[in-house]
Amino acid sequence: ASIGKKPDGPPPPGVDYNLWLGPAPERPFNPNRFHYNWHWNWDFGGGEIANNGIYQLDIARWGLGKDVHPQSVVSLGARLGYEDDALTPNMQISVLDYGDVSIVHEVRGLPTEKYPPDVTVGNVFTCEEGSVVSSINGSAAFSPKGELLQRFSGMGDHWRNFIDAVKSRKRETLNSEVLEGHLSTSLCHLANISYRLGALEPADGVKVFAKSEAGQEAWTRMAAHLKDNGVDLAASKLRLGRELRFDGAAERFVDAKDADALLRREYRAPFVVPEIL
């Protein structure tokens, strides 16, 4: 929901605000840039795609069996339906293309209907002979007609696994290496870099996903969703992100120095991570 607008003021008693800011730029204290709401400010967070979206992107990449970066990314979005102090989009569609398969990720910050068959937060893997759904409501496989084929259960205690590995010092017992976290988190950053380098354009007639049928279909549904929430698309603008190609081996964008510049933040001294450790 909207976080509203709040004035700058003094930090709460007991808060070392300089330490709390760390490497982020020095700005006046504001409750809407503080606990939790820091997610919606580019100084500290990456919006909802990097908040709850990372969990689903991780599962999507895992489910597709991809242990590399995508070849290209494009993302669009805006903050629509209300005005507040937040800077990140409350609606965003991102297409991360691996060449043979793509991940289409959606953020919706306004009241929304479920995605068939029963998904509010989760993944739908579209397969040749049906679909596999993994969501907070449970996981299951469905036929092309939507008939339930099989339900899945069981998750494992990943917190316990990590703690046990730390205690034992046995790296081989980890359910997931740190590199897996890096590959998944990078999806959020790549999408946001595309978005942030985009230009504001009229929302009507969006064709940014011309190369992605699934992306364009997602936008068609998103446009209907926004209209259902009273958003006048004819009077609204979206930030249409640039389509960026990515060299996964070098971890650099292809012919896009302005995008490369966003791969690393400007650190505020003395909270500086050196280029070479």
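What the table shows:
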{"read-out": "Exposure ranking of 200, 277 by accessible area [1.4 Å probe, largest first]", "value": "277, 200"}
{"read-out": "Gaussian network model of the chain, springs between alpha carbon atoms under 10 Å - residue of 97, 16, 228 with greatest fluctuation", "value": "16"}
{"read-out": "With DNA, RNA and ligands ignored, accessible area of residue 100 (1.4 Å probe; Å², nearest 10)", "value": "120"}
{"read-out": "Rounded FRET efficiency, nearest 0.05, which uses the C-beta distance separating residue 261 from residue 8 and R0 of 25 Å", "value": "0.30"}
{"read-out": "Residue 222 accessible area, 1.4 Å probe, all protein chains in place, Å² to nearest 10", "value": "0"}
{"read-out": "Of the DSSP H helices in the chain, those whose Cα atoms cover at least 24 Å axially and whose Kyte score averages -1.0 or more", "value": "178-196"}
{"read-out": "Electrostatic dipole magnitude of the chain [Cβ: Lys, Arg +1; Asp, Glu -1; Cα centre; debye, to 20]", "value": "420"}
{"read-out": "Sulfur and carbon atoms: percent of accessible area, the chain [1.4 Å]", "value": "54"}
{"read-out": "Under 23 Å from the Cα of residue 237 - lysines, other chains or at least 8 residues apart", "value": "5, 207, 211, 227"}
{"read-out": "Two-site label geometry, residue 27 and residue 232: point separation in nm, points 7 Å out along Cα→Cβ", "value": "2.9"}
{"read-out": "GluC sites (Glu not before Pro) within the stretch 56-127: DSSP coil, no more than 10 neighbouring Cβ in 10 Å", "value": "83"}
{"read-out": "Calculated FRET value between residue 128 and residue 175, using beta carbons and R₀ = 30 Å, to 0.05", "value": "0.55"}
{"read-out": "The stretch 51-191: C-alpha gyration tensor shape, a/c 1.5 cut-off, then a/b vs b/c", "value": "oblate"}
{"read-out": "Solvent-accessible ranking of 177, 26, largest area first, probe 1.4 Å", "value": "26, 177"}
{"read-out": "Length released on extending from residue 64 to residue 249, taking residue separation times 0.36 nm less the Cα-Cα span", "value": "64.7 nm"}
{"read-out": "Simple Cβ-charge dipole of the stretch 10-128, Lys/Arg +1 and Asp/Glu -1, about Cα centre, in debye nearest 20", "value": "120"}
{"read-out": "Extension reserve of the residue 157-residue 112 stretch, reckoned as 0.36 nm per residue once the Cα distance is removed", "value": "13.1 nm"}
{"read-out": "In the stretch 196-277, GluC sites (Glu not before Pro) in a DSSP loop with at most 15 other beta-carbon atoms within 10 Å", "value": "251, 266, 275"}
{"read-out": "Accessible-area value, residue 271, 1.4 Å probe, nucleic acids and ligands omitted, Å²", "value": "60"}
{"read-out": "Spatially proximal aspartates and glutamates relative to residue 167 (Cα-Cα < 20 Å; intrachain offsets below 8 disregarded)", "value": "157, 177"}
{"read-out": "Helix-only mean residue ellipticity at 222 nm for the chain, each DSSP H run of n ≥ 4 adding -39500 (n - 2.57), per residue, nearest 500", "value": "-7500 deg cm²/dmol"}
{"read-out": "Residue 101-residue 182 FRET efficiency (beta carbon distance; Förster radius 35 Å; 0.05 resolution)", "value": "0.95"}
{"read-out": "Solvent-accessible ranking of 185, 120, largest area first, probe 1.4 Å", "value": "120, 185"}
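The values are calculated or read from the model by the stated rules, or taken from the named source; none is laboratory data. If you're wondering where the values come from, they're calculated on a predicted model, not measured in any experiment. Every residue, glycine as well, gets a Cβ built from its backbone with ideal geometry; the counts of neighbours run over all protein chains shown. These area figures cover heavy atoms from the full protein model, side chains too; ligands, DNA and RNA do not enter into them. Shrake-Rupley method; radii C 1.70, N 1.55, O 1.52, S 1.80 Å.
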